[in-house]
Structures are given as C-alpha cells and as structure tokens.
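A.B. asks: Sending over a structure as structure tokens; questions will come in a sec.
The values are calculated or read from the model by the stated rules, or taken from the named source; none is laboratory data. The shown structure was predicted, so the numbers you read here are calculated from the model rather than taken from an experiment. Neighbour counts run over all protein chains shown; Cβ positions are idealised from the backbone, glycine included. Please note that ligands, DNA and RNA were not included when accessible areas were found on the heavy atoms of the full protein model with its side chains. Shrake-Rupley method; radii C 1.70, N 1.55, O 1.52, S 1.80 Å.
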Amino acid sequence: MSEIIILKNSCKGIEDCGICMSVCPKNLFAPSHEMNERGFLPPRVIDEDPCTVCMNCMVSCPDMAIVVAKKKKTKEPK
Amino acid sequence: MDAIEHPLRKYTRPHVTRTTTCPGCGNGIVAQAILRAIDELGLEMDDFVFVSGIGCSAWIPSPLFAADTLHTTHGRPVAFATGVKLGRPDMNVMVVSGDGDLTAIGGNHLIHAARKNIDLTVVLVNNGIYGMTGGQTAPTTPLGLTTITSPYGTMEHPLDISATIVAAGAPFVARWTTAHPRQLTRSIKKGLQKKGFAMIEAISQCPVQFGRVSKLGKATDFLQHYKKNSISFSKASGLSREELAGRIVIGEFVDIEKPELSSQWMDLKHQMGQEAQCHNKQ
Ligand SMILES: Cc1ncc(C[n+]2csc(CCOP(=O)(O)OP(=O)(O)O)c2C)c(N)n1
Ligand code: SF4
Ligand code: SF4
Ligand code: SF4
C-alpha cells in the first residue's frame, strides 16, 4: 500500500512538464481540473492501489512536488 | 505552502518555495539527485560549501540549498572552489554549474583542477546549449544544430568533457542523464566520498532553449530520447565511432585512488610547523 501525495503548489504543470505522467509504469497520473496558486495545472492521482512504490515519479519530479510514502499514514495537520 | 513536506525539503531554505527553472527543466532532477546523495550519505549541510558560476544550472544550489553557497562569476566556480578547499580542507566543496560555464569560459580551470587532483565534487549539468542567455551554441552543442548563433547549423565538433577530464587525470568521472536519476545519485555519492577530484556529468534537458532549436519537443520527449539513445560505457567500448554517432555513453569512466592536493598541503603545513618548532628550541 502506498500514499501518493502531490504538493500541488510546487508543481510547474503537466502541460510543459508532465514528467510524473511519463515515468509512471502504471499510468496513475491524470491532469487535474484546478490550477494551483501559480497558475499551473498539477496532476492528480487516479488510483493509489496499483502503485508499486517504484518511486519513479518522486525521483524524477524536477520540483519536488511528489511524495510517495510506503504505508498509509493518518495525515497529521501541521 | 502545502501542509506535507517533501523529505528533502529539510535541506532547502524554508523561504525558497520555488525553483528558478522553467517547467520540466532537468536542473530540478539534478538538484534532487544531489540532495538525495547527501541524505543517503548522512552528511550535514553545515559541512558543505556549494560553488556555482553563471547560468540556469548555477541556480541549482543558490538560493535553494540550506548551506553556504558561493554564486561566483561566469566560468570561475572551480577557481573559487579551489581556494575554499585549500582554506577549509575540512569542508565538502561541491561545484554545480553548466556546460557553458564549466567547459567554455571555465574549461581551463576544470582541466587543471582535475590534473592537480584537488578534492572537489563537480556536478556539470550539460544541456548542450547556453540556456540562460537565450540558446547560443556551446562547446557541447551537437554538430549541425541550428542555434541563434549558428543559423546555418553549427560546424563545430562538440567536446566530450568527461573524456577530457579523464585524460586530465581525475580519479572519478561519471556521466548519466536526467533519465537516470538513481544512477546519478549513486555516482554523486561516490564522488562525494572520493578523496580527490570527482566530476559527474549530468546530461540534462533544456526544453525551452535547446527544445526550441532542436525541435526535440517537451521535457518528456527529452527523457525518452535520453533513455533510447544512451549506451553503457562497457557496451560502447566495443563499438566504432560511426556506430556511436548520436549515442550518449553513460556510466562511471574512472574510479581510482591517487594522492590529493589539499591533504598534501595540510601535511606540508604540519611538517613545516614541526620544523619551525624544532628550530625555535635550538
Ligand atoms: C564574463 C561573462 N561572459 C558572458 C556572460 C553571459 N552568460 C551568462 S550565462 C552564460 C552561459 C550559460 O550557459 P551554461 O553554463 O551552459 O548554463 P545554462 O544556462 O545552460 O544552464 C553566458 C554566456 C556572463 N555572465 N559573464
Ligand atoms: S511510485 Fe511508481 S507506480 Fe507509484 S505512482 Fe509513482 S511512478 Fe507510479
Ligand atoms: S513531475 Fe512534478 S512538476 Fe512535473 S508535472 Fe509532475 S508533479 Fe508537476
Ligand atoms: S532556459 Fe533551459 S536550462 Fe534554463 S531554466 Fe529554462 S529549461 Fe532550464
């Protein structure tokens, strides 16, 4: 089980970047419908279940906008 | 800011929430590879001095990294870094800069630092063009590419900087692309651990300037191109020059041990100090 977190305000958009979408072997990313605070369109995760935790998306994102965590954690508000 | 943080964010300055690069630029992949290497080795940012020159890639450490960073003049980061290392041999000194910066205007500094074998780790981000200034031909630009300074296609042969630095005598030289982020991290770790001059060349996409003139397309097309056209050093050694045309040779080219300059200076200083003490006693 994994948790894929998109830090949407760090993302520079799937239109010109989209690296996460191209490196995911399971095609788990799709365009989102809402722009982030900088006007970029971040990806959204379609389904977490097929994720193999290969970390391709996390290590290839040029803007450190993806975190893949191995186990489901309860999100703690900061 | 998002509520959850990326684990490598602990190595970046809290007030720097965005990178300076264009969407999809390879610089961010290299930045992450460097921070991951530091994290995996368990090193402290306080023990680092990052030195960069001028260019888009020179913005990788500053202002993002939460460490001492020297953003120096164009082509001179290796010269500044040499001074830092000789003054503070206890520090990890890392140079991060572009191919224009380190192979063109700064080429001689790079060659001679490798020859002297001073303990620096150089991450050379090679996007094959002058990105920051608008896409001029660099010494690394592929033959025939039309750029704004070579409107009929460049007639100059590109420099193989890794081969040059191997020839200059560096004990550690590796080349990967941004489509190989894990291998890149591994070689940066080895470079940091090497007592001596280490250069890691990262072939990296500039979808904006190189992308525009090469018609290679988007960042994702670059990564696919890198994946498709790279060939390991061991496989490449059996191929002819013609067979290797257009291929990117990746891997660790050299990994040896040899006496290092800053520690020899320290030894000499120590020895001279002892001699001076003996002299004073007489
Ligand atoms: C002495 C001097 N000459 C020229 C320049 C203009 N200049 C700034 S960056 C740059 C080239 C940068 O290319 P590269 O090192 O490949 O970095 P990139 O932007 O591609 O990452 C040049 C020529 C300068 N700043 N200083
Ligand atoms: S970790 Fe791998 S499988 Fe999971 S979302 Fe990222 S790229 Fe896809
Ligand atoms: S790789 Fe990162 S910056 Fe690029 S689109 Fe995906 S989340 Fe955004
Ligand atoms: S111009 Fe090229 S190298 Fe510079 S930030 Fe943009 S994509 Fe990166």
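A.B. asks: From the residues in segment A:50-78 that are modelled with pLDDT of 95 or more, assigned to a loop (DSSP other than H, G, I, E, B) and over 22 Å from residue B:14 (Cα atoms), which one is nearest to the other protein chains (Cβ to nearest Cβ)? Can you show your working first?
C.D. replies: Step one: of segment A:50-78, the residues modelled with pLDDT of 95 or more are A:50-68.
Add one more test, that the residue is assigned to a loop (DSSP other than H, G, I, E, B), and what stays is A:50-55, A:61-65.
Now narrow it down to the ones that are over 22 Å from residue B:14 (Cα atoms): A:50-55.
On the way: A:50: 21, A:51: 17, A:52: 15, A:53: 14, A:54: 10, A:55: 9 Å.
My answer is A:55.
A.B. asks: How many of the residues in segment A:1-21 are open to solvent by 30 Å² or more (accessible area, probe 1.4 Å) and in a strand (DSSP E or B)? Spell out how you get there, then give the answer.
C.D. replies: Start the filter on segment A:1-21 by keeping residues that are open to solvent by 30 Å² or more (accessible area, probe 1.4 Å), which leaves A:1, A:6, A:8, A:15-16, A:21.
Those still in the list that are in a strand (DSSP E or B) too: A:6.
Qualifying residue count for the region: 1.
A.B. asks: Here is a follow-up. Which residue is nearest to residue B:133 (Cα to Cα), if the candidates are limited to segment B:212-235 and must be among the small types (Gly, Ala, Ser) and open to solvent by 10 Å² or more (accessible area, probe 1.4 Å)? If you could, list the steps in order and put the result at the bottom.
C.D. replies: Step one: of segment B:212-235, the residues among the small types (Gly, Ala, Ser) are B:214, B:217, B:219, B:230, B:232, B:234.
When the remaining residues are screened for being open to solvent by 10 Å² or more (accessible area, probe 1.4 Å), the result is B:214, B:217, B:230, B:232, B:234.
Values: B:214: 17, B:217: 20, B:230: 28, B:232: 32, B:234: 36 Å.
The qualifying residue nearest to residue B:133 (Cα to Cα) is B:214.
A.B. asks: Taking residue B:29 and the conditions (1) over 26 Å from residue B:136 (Cβ atoms); (2) within 16 Å of ligand 2 (Cβ to nearest atom); (3) modelled with pLDDT of 95 or more, which numbered condition does it fall short on, given that it satisfies the others?
C.D. replies: Here residue B:29 meets the rest and fails (1).
A.B. asks: Anything in segment A:1-36 that is of a type outside the set (S, T, N, Q), more than 13 Å from ligand 3 (Cβ to nearest atom), over 11 Å from the mean Cα position of the chain (by Cα) and within 20 Å of residue B:8 (Cβ to Cβ)? List them, or say none.
C.D. replies: In the first step, residues of segment A:1-36 are kept if they are of a type outside the set (S, T, N, Q); the result is A:1, A:3-8, A:11-21, A:23-26, A:28-31, A:33-35.
With more than 13 Å from ligand 3 (Cβ to nearest atom) added as a condition, the list becomes A:1, A:3, A:25-26, A:33-34.
Now restrict to residues that are over 11 Å from the mean Cα position of the chain (by Cα): A:1, A:25-26, A:33-34.
Within segment A:1-36, none qualify.
A.B. asks: OK, next. Please indicate, with yes or no, whether at least one residue in segment A:37-48 is part of a helix (DSSP H, G or I), under 11 Å from the mean Cα position of the chain (by Cα), at pLDDT 95 or above and more than 14 Å from residue B:29 (Cβ to Cβ). Steps first, please.
C.D. replies: Keep residues of segment A:37-48 that are part of a helix (DSSP H, G or I), which gives none.
No, the conditions are met nowhere in segment A:37-48.
A.B. asks: When only residues in segment B:62-74 that are among the aliphatic types (A, V, I, L, M) and within 16 Å of ligand 1 (Cβ to nearest atom) count, which is farthest from the other protein chains (Cβ to nearest Cβ)? Reasoning before the result, please.
C.D. replies: Looking only at segment B:62-74, we keep the residues that are among the aliphatic types (A, V, I, L, M), and these are B:64, B:66-67, B:70.
So of that shortlist, the ones also within 16 Å of ligand 1 (Cβ to nearest atom) come out as B:64, B:70.
Values: B:64: 10, B:70: 23 Å.
Among those residues, the one meeting the criterion is B:70.
A.B. asks: Could you go through segment A:22-40 and let me know if any residue there is acidic (Asp, Glu), under 18 Å from residue B:220 (Cα atoms), in contact (Cβ under 8 Å) with a residue 24 or more places away in the chain and open to solvent by 20 Å² or more (accessible area, probe 1.4 Å). I'd like the intermediate steps shown before the answer.
C.D. replies: First pass over segment A:22-40, keeping only residues acidic (Asp, Glu): A:34, A:37.
Keeping just the survivors that are under 18 Å from residue B:220 (Cα atoms) gives none.
Checking segment A:22-40: not a single residue is acidic (Asp, Glu), under 18 Å from residue B:220 (Cα atoms), in contact (Cβ under 8 Å) with a residue 24 or more places away in the chain and open to solvent by 20 Å² or more (accessible area, probe 1.4 Å).
A.B. asks: Can you pull out every residue in segment B:190-209 that is open to solvent by 20 Å² or more (accessible area, probe 1.4 Å) and either within 14 Å of chain A (Cβ to nearest Cβ) or touching a Phe, Trp or Tyr at 6+ places or on another chain (Cβ under 6 Å) (or both)? Spell out how you get there, then give the answer.
C.D. replies: Just the residues of segment B:190-209 that are open to solvent by 20 Å² or more (accessible area, probe 1.4 Å), to begin with: B:190, B:192-193, B:195, B:203, B:207-209.
Listed by number, the residues that qualify are B:207, B:208, B:209.
A.B. asks: Suppose we filter segment B:212-231 for residues that are within 16 Å of ligand 1 (Cβ to nearest atom) and modelled with pLDDT under 95; how many remain? Please lay out each step first, then the result.
C.D. replies: Step one: list which residues in segment B:212-231 are within 16 Å of ligand 1 (Cβ to nearest atom), which gives B:212-214, B:216, B:219, B:222.
Pick out the ones that are also modelled with pLDDT under 95 and you get B:212-214, B:216.
Adding up the residues that qualify gives 4.
A.B. asks: When you scan segment B:248-282, how many residues do you find that are open to solvent by 90 Å² or more (accessible area, probe 1.4 Å) and under 24 Å from residue B:163 (Cα atoms)?
C.D. replies: Residues that pass the stated criteria total 2.
A.B. asks: What do you reckon, is residue B:124 away from ligand 3 (no atom under 16 Å from the Cβ) and either aromatic (Phe, Trp, Tyr) or assigned to a strand (DSSP E or B) (or both)?
C.D. replies: On the way: away from ligand 3 (no atom under 16 Å from the Cβ): yes; either aromatic (Phe, Trp, Tyr) or assigned to a strand (DSSP E or B) (or both): yes.
Considered against the rule, which asks whether it is away from ligand 3 (no atom under 16 Å from the Cβ) and either aromatic (Phe, Trp, Tyr) or assigned to a strand (DSSP E or B) (or both), residue B:124 comes out as yes.
A.B. asks: Moving on. Yes or no: segment B:153-168 includes at least one residue that is more than 22 Å from the chain's Cα centre (by Cα) and crowded, with 17+ Cβ neighbours inside 10 Å. Step through it out loud before you land on a result.
C.D. replies: Quick first cut of segment B:153-168, residues more than 22 Å from the chain's Cα centre (by Cα) only: B:153-156.
Then keep just the ones that are crowded, with 17+ Cβ neighbours inside 10 Å; that gives B:154.
Yes: segment B:153-168 contains one or more residues that are more than 22 Å from the chain's Cα centre (by Cα) and crowded, with 17+ Cβ neighbours inside 10 Å.
A.B. asks: Shifting gears a bit: Does segment B:1-8 contain any residue that is open to solvent by less than 20 Å² (accessible area, probe 1.4 Å) and either at the interface with chain A (Cβ under 7 Å from one of its Cβ atoms) or touching a residue at least 60 places away in the same chain (Cβ under 8 Å) (or both)? Steps first, please.
C.D. replies: Let us first name the residues in segment B:1-8 that are open to solvent by less than 20 Å² (accessible area, probe 1.4 Å), namely B:6, B:8.
Now drop any that are not either at the interface with chain A (Cβ under 7 Å from one of its Cβ atoms) or touching a residue at least 60 places away in the same chain (Cβ under 8 Å) (or both), which leaves B:6, B:8.
Looking through segment B:1-8, at least one residue is open to solvent by less than 20 Å² (accessible area, probe 1.4 Å) and either at the interface with chain A (Cβ under 7 Å from one of its Cβ atoms) or touching a residue at least 60 places away in the same chain (Cβ under 8 Å) (or both).
A.B. asks: Filtering segment B:35-61 down to residues that are within 14 Å of chain A (Cβ to nearest Cβ) and within 10 Å of ligand 1 (Cβ to nearest atom), which residue is surrounded by the fewest Cβ atoms within 10 Å (Cβ to Cβ)?
C.D. replies: Filtering first and then ranking leaves B:59.
A.B. asks: Here's another thing I want to ask about it. Every residue in segment B:15-34 that is more than 9 Å from every other protein chain (Cβ to nearest Cβ) and free of Cβ contacts under 8 Å to residues at least 24 places away in the same chain, please. If you could, list the steps in order and put the result at the bottom.
C.D. replies: Our first condition is that a residue be more than 9 Å from every other protein chain (Cβ to nearest Cβ); within segment B:15-34, this holds for B:15-16, B:20, B:34.
Within segment B:15-34, B:15 is the sole residue that qualifies.
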